[in-house]
Amino acid sequence: MAETTQPRNWPSPRGPWPEVTDLSRLFDHGAWWCANRPGHPDPEDGYPDAEGHTPWDECRSIAGSFAGVRTGLTGPPLEVEVYVAAPFRFGRLPAEVTDVPASPRVVFECYSDGGSEPGELRFSLALGEALRLARRLEHLVDEVSYPHRSPDLGNTR
């Protein structure tokens, strides 16, 4: 997982999130599936734990890593990390988050083989699209992995 650093101007001496002292700011409880759930604020009151919630602006699930990925078909090797993420919006003003979807998304993050720094590529899919991708991948792998009779040629592939 890529390490993130604190923002340049931390809004609070306690961490990267602004204080929530009234209803004008969001008191984000964080996602129940977040791997950093111990860093979430107390449900009734409190402030998130900056040491326990990395990155500070996202809830992330446990990740799965895949090695053996290549750029193109024969390019340099990469590693891909896949996880679910959603914005962690504690202390934000509602007007600041109107264009940011709060729903979780499946994130794909590429790394150079054996490296710990993220590559240039990080993209995400809505959960429904990720499910469609998984089903399509399963179909493609089945199609080329299992020999069967070609209906038009009468021979096996």
Could you work out the local net charge near residue 14, counting Lys and Arg as +1, Asp and Glu as -1, over the other residues with Cβ closer than 15 Å to its Cβ?
-4
What are the ³J(HN,Hα) couplings of the range 87-99, residue after residue, when phi is run through the Karplus curve with 6.51, -1.76, 1.60 and θ = phi - 60°? Round to Hz, x for glycine and proline.
x, 9, 10, 4, x, 6, 7, x, 5, 6, 10, 5, 9
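Each value in this text was obtained by applying a stated rule to the coordinates, not by laboratory testing. Every value quoted in this text rests on a predicted model; they were computed, and no experiment measured them. FYI the Cβ positions are ideal-geometry reconstructions off the backbone, even for glycines, and counts take in every protein chain you see.
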